[in-house]
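The values are calculated or read from the model by the stated rules, or taken from the named source; none is laboratory data. Everything quoted here is computed from the prediction, not taken from an experiment. Positions of Cβ are backbone-derived with ideal geometry, glycine not excepted, and every protein chain shown enters the neighbour counts. These area figures cover heavy atoms from the full protein model, side chains too; ligands, DNA and RNA do not enter into them. Shrake-Rupley method; radii C 1.70, N 1.55, O 1.52, S 1.80 Å.
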Amino acid sequence: ITSLNTMPKQMKRTRSFSKATAMQSPTFSLATKLNVTDDITHNHRPAVIGHRGSLYTALENTSRSFIEAAQAGADGIELDVFLLKCGTLVVFHGTGTDQSPGLLSSYCGIEGSILEYTADEARRLTFNKHSDQFGCGPSLITDDNHDNHYCYVHTLEEVLITLRDHPDVKPDFVIKIE
């Protein structure tokens with residue numbers, strides 16, 4: 001419910017104003033305030049986006065996590081990307097701020113930032129299984145290199161190719177890159 005102080009000036013001038021009129025008036029709709037002109041009354045379900053994949057069933061930001069999100073019925077995923085010193089884009093989150101991103105201490109138990117590494121060096125980083133940053137728990141953080149989706153820092157290219165080629169990932173699967 002709005003107050004007179006937050007009403008548009010044209011409504012303040014109206015003598016026959018009532019709360020019921022304000023609540024039914026299109027000038028008080030969220031769509032009008034946000035300047036949305038499309039019909040937003042459609043009955044589509046909201047999109048389900050796996051934040052860093054399916055981060056409770058696999059290590060976040062890995063191919064396995066993204067595939068498991070697709071298999072669970074997600075409409076898409078959100079992933080984090082860093083440009084390494086070698087010019088390669090990798091999928092990683094880490095901790096830190098906008099001024100100091102991709103810190104490795106919580107994720108890998110070492111000092112520094114992912115930005116200080118090449119793709120080959122980043123691929124060899126070991127994740128800290130007991131970090132409180134991971135929703136999947138230590139038993140799902142593996143370094144089994146017989147599984148090509150195991151826990152390592154993936155390049156963006158290999159993630160995109162894996163998702164494109166995987167039979168459980170629909171062609172309209174959304175990939176939101178941050």
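Ignoring ligands and nucleic acids, what accessible area does Ile67 show with a 1.4 Å probe (Å², nearest 10)? So the heavy atoms of Ile67 present about 10 Å² to solvent.
Largest first, the residues Thr62, Thr162, Thr126 sort by 1.4 Å accessible area into Thr126, Thr162, Thr62.
Report the net charge of residues surrounding Thr118, where surrounding means a beta-carbon distance below 14 angstrom and charges are Lys +1, Arg +1, Asp -1, Glu -1. Show your work: numbers first, answer last.
Details: positive: Lys85, Arg123, Arg124; negative: Glu116, Asp120, Glu121.
Here the charged neighbours net out to 0.
Modelled spin labels at Lys170 and Ser106, positioned 7 Å past Cα toward Cβ, are 3.3 nm from each other.
Taking a quarter of the surface of the Cα convex hull of region 96-178 gives a mean projected area of 6.7 nm². The heavy atoms of Thr57 offer some 60 square angstrom of accessible surface to a 1.4 angstrom probe.
Taking the Cβ of Leu79 as the centre, find all other residues whose Cβ is under 10 Å away and add up their charges (Lys, Arg: +1; Asp, Glu: -1). Result for the neighbourhood of Leu79: -2.
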